[in-house]
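Nothing in this text is a laboratory measurement; each read-out follows from the coordinates by a stated rule. Quick caveat: nothing in here was measured; it's all calculated off a predicted structure. Using ideal geometry, Cβ is built from the backbone for each residue, glycine included, and neighbour counts are taken over all protein chains shown.
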Amino acid sequence: MAKLLIIDDEKSIRKTLREILEYEKYEVEEAADGMEGFALIQKNKYDIILCDIKMPKMDGIELLDKVIQLSIDTPLVMISGHGNIETAVEAVKKGAFDFIAKPLDLNRLLVTIRNAMDKSTLVTETKVLKKKVSKTFDMVGASKAITQIQEMIERVAPTDARVLITGGNGSGKELVARWLHEKSNRSAAPLIEVNCAAIPSELIESELFGHEKGAFTSAISQRKGKFEQAEGGTIFLDEIGDMSLSAQAKVLRALQENKITRVGGEKEIKVNVRVVAATNKDLQKEIAAGNFREDLYHRLSVILIHVPSLNERKEDIPLLAEHFLKMICEDHGMPLKSFSKEAMKELQKINWTGNIREFRNVVERLIILCDKIITDKDVLAYARPLKG
């Protein structure tokens, strides 16, 4: 049941609103002035606040200012007399959800409350989603290698220096790229990710630089590429070692001149992006084999960050296990489980060829298949189910 707070110095209005809203199955609380209302807002959680503008002790605008200062997300609907319409409009500009003029129109009131409820639900869902995303991209570990990476990110992120991230599949290269963006001055702009290994070589140039209408058979309209989409932000070129030589040449030009040309176009387009690249290949060997341009390598590798394999930082396994345990149990709506000390030791003995990605999958498997306490026997039975 949704909970509403009515703040109005007129007892008759509070009574009328309470009767209407309780009939509509809302839970209602009242306050006779702004001071009383603000005290309740600080103490309780409300889905919607209905607030008069003219009141003794603290008026509705003062209350709105205090609610905004405290970053309270509850939608606030102002109730205004005829002489307060301009003030009510100003309140909406400041951050109030809406205003309703006196005498109150029942239909308008209920529609406004429903709309405010929709907004309140959306805000809550967005918060939950952001919390899930931030948990997913936590950098977990206390090993020397991870501490050095975290220190490097703190130092490098605020600059526009290009970064080349190396490491095996599933080791967390994307996570490093994401944190470089989040802690940069470009964090308000997009982070655009491109998996160079997943895009066919004949389409990579169109994907990166866009194309003009009619540039090729399926180009039925003009399309912006990833460089333009990342304007003002960061472009993350994952598995850049798999990029074709022709695309490498165009990326090099984009880095040198901060300009691109769409496929099938002639116009040069200025771009302002930070480039972060990653690879699981040894680019020095790829250069020697003629598969990667040396000049592009030197452009990309202003800063080099190597992400160690999980086998190189097994002391982080207990922290990672607890992190994934809590996150996965929450995601599945399951009671929190735990690992026995012996189970943790068994996890540290495993050769994690798939790195963090494989480790997370194994933890999820153990959570689903095992009892409340995950034992060493469970790890032996389920961590490597295809081996017997």
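Please report the base-10 log of the normalised intensity I(q)/I(0) for the chain, using a Debye sum with one equal scatterer per alpha carbon and no solvent, at each q in 0.06 (1/Å). Taken in order of the listed q values, log10 I(q)/I(0) reads -0.41. Listing Cys51, Cys196 from fewest to most neighbouring C-beta atoms within 10 Å gives Cys196, Cys51.
The Cα center of region 200-272 and the Cα center of region 151-176 differ in position by 23 Å. The H on the amide N of Gly210, modeled in the peptide plane, is under 5 Å from the matching H of Gly225, Lys226, Val263, each at least 5 residues off or on a different chain. With 5 Å bins beginning at zero, the pair-distance distribution over Cα atoms of region 233-276 amounts to 5, 20, 28, 29, 14, 3 %.
Could you work out the relative contact order of the chain, using alpha carbon pairs under 8 angstrom and six or more residues apart, expressed as a whole percent? Normalised by residue count, the contact order of the chain is 13 percent. Mean residue ellipticity, 222 nm, helices only, the chain: the sum of -39500 (n - 2.57) across DSSP H runs of n ≥ 4, divided by residue count and rounded to 500, is -14000 deg cm²/dmol.
Remark: region 301-308, residue by residue, has Karplus-estimated 3J(HN,Hα) of 9, 4, 10, 10, 10, 9, 9, x Hz, where x stands for each Gly or Pro and the curve is 6.51 cos²θ - 1.76 cosθ + 1.60 at θ = phi - 60°. With the simple model of a label 7 Å out from the Cα in the direction of the Cβ, Glu154 to Glu62 spans 4.4 nm. Evaluated at q = 0.12, 0.19, 0.20, 0.28 Å⁻¹, the base-10 log of the normalised Debye intensity for region 311-382, with identical point scatterers placed on the Cα atoms, takes the values -0.26, -0.69, -0.76, -1.53. Of the peptides 270-279, 301-310, 65-74, the order by per-residue mean of other Cβ atoms within 10 Å, starting with the highest, comes out as 270-279, 301-310, 65-74.
Note on region 247-388: with charges restricted to the Cβ of Lys and Arg (+1) and Asp and Glu (-1), its dipole about the Cα centre is near 340 debye. Backbone geometry of region 280-291 corresponds, through the Karplus equation with coefficients 6.51, -1.76 and 1.60 at θ = phi - 60°, to 3J(HN,Hα) couplings of 9, 9, 7, 5, 5, 5, 5, 5, 4, 7, x, 9 Hz, x marking Gly and Pro.
Packing-based ranking of 335-346, 200-211 yields 200-211, 335-346, ordered from highest to lowest mean Cβ neighbour count within 10 Å.
A Cβ-based charge dipole, computed about the Cα centre of the chain with Lys and Arg at +1 and Asp and Glu at -1, lands at about 860 debye.
Judged by the gyration tensor of its Cα atoms, with axes a ≥ b ≥ c, region 66-109 is oblate; a/c meets the 1.5 cut and b/c is at least as large as a/b. Size descriptor for region 208-287, Kirkwood hydrodynamic radius: 13.5 Å (Cα pairs only, one decimal).
Candidates Leu320, Leu4, Tyr382 compared by Cα position along the dipole of the chain: farthest toward the positive end lies Tyr382, with charges placed on Cβ. With a Förster radius of 30 Å, plug the Cβ-Cβ distance of Leu319 and Ala161 into 1/(1 + (r/R0)^6) and report the FRET value to the nearest 0.05. FRET efficiency, Leu319 to Ala161: 0.55. Computed 3J(HN,Hα) for region 23-30, one whole-Hz value per residue from the Karplus formula 6.51 cos²θ - 1.76 cosθ + 1.60 where θ = phi - 60°, is 4, 7, 6, 8, 8, 10, 10, 10, glycine and proline marked x. Annotation: amide H of Gln222 within the under-5 Å range of Lys213, sequence separation 5 or more or interchain, hydrogens built in the peptide plane. Taking amide H as placed 1.01 Å from N in the peptide plane, Glu193 has its amide H under 5 Å from the amide H of Phe236, each at least 5 places away in sequence or on another chain. Over the Cα atoms of region 144-308, each weighted equally, I'd like the Debye log10 I(q)/I(0) at q = 0.13, 0.14, 0.16 Å⁻¹, rounded to two decimals. Debye output, listed in q order: -0.60, -0.69, -0.90. For region 1-82, a/c is not less than 1.5, where a ≥ b ≥ c are the root eigenvalues of the C-alpha gyration tensor, and a/b does not top b/c. That puts it in the oblate class.
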